[in-house]
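Colleague: After the structure tokens below, expect a handful of questions from me.
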Amino acid sequence: MSDTTPTISPETANHVLYHFGRGGYQSGTFTQYLIYALTAADMTNKAKLGLVYPDYAAAVIAMEYDPDGAAHLQRIAAGEAA
């Protein structure tokens, strides 16, 4: 992932929240597999995937490692935060 924080769109937030069972809505098949790959990957491979899909990588990392990650993504999904 780059040195800048990627922007997570409401759509991305909804897809990742759905994957983790925290609301949101289901994505298409490719994106479902992408999110699954990100959750299965170690940090080195998360970083590699994050080069191409920085928003999804940031959202998955937030869900996995940030205690406020789900709440933050829920705010993004609701259009309350960027």
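The values are calculated or read from the model by the stated rules, or taken from the named source; none is laboratory data. This structure is a prediction, so every number in the text was calculated from the model and none was measured. So basically every Cβ, Gly included, is an ideal-geometry build from the backbone, and we count neighbours across all protein chains shown. Surface areas here come from the heavy atoms of the whole protein model, side chains and all, with no ligands, DNA or RNA. Shrake-Rupley method; radii C 1.70, N 1.55, O 1.52, S 1.80 Å.
Colleague: With charges only on Cβ, +1 for K and R and -1 for D and E, what is the dipole size of region 40-82 about its Cα centre, in debye, rounded to 20? All intermediate terms of the calculation are to be shown ahead of the outcome.
Modeller: Details: 3 positive and 6 negative charges, 29 e Å.
Using only the charged Cβ atoms, the result is roughly 140 debye.
Colleague: For the chain, what does -39500 (n - 2.57) per DSSP helix run (n ≥ 4), summed and divided by total residues, give at 222 nm, in deg cm²/dmol to the nearest 500? Numbers along the way, then the final one.
Modeller: On the way: 5 runs with 53 residues, N = 82.
Taking each H run of at least 4 residues, the total per residue is -19500 deg cm²/dmol.
Colleague: A further question on this structure: Leaving out ligands, DNA and RNA, and with a 1.4 Å probe, what % of the accessible surface on the chain is carbon or sulfur? Each step should come with its number before you reach the end.
Modeller: On the way: 2580 of 4780 Å².
Answer for the chain is 54 percent, counting heavy atoms of protein chains only.
Colleague: Another question, if that's okay. Counting only C-alpha contacts under 8 Å and six or more residues apart, can you give the relative contact order of the chain as a whole percent?
Modeller: Relative contact order for the chain comes out at 41 percent.
Colleague: Tell me the per residue accessible area of the chain using a 1.4 Å probe; a whole number in Å² is fine. If you can, show how the numbers build up before the last one.
Modeller: Working: 4780 Å² over 82 residues.
For the chain, the solvent-accessible area averages 58 Å² per residue.
Colleague: Mind giving me the nanometre distance, one decimal, between the label points for A81 and Q26, set 7 Å out from Cα along Cα→Cβ?
Modeller: Calculated label separation equals 2.8 nm.
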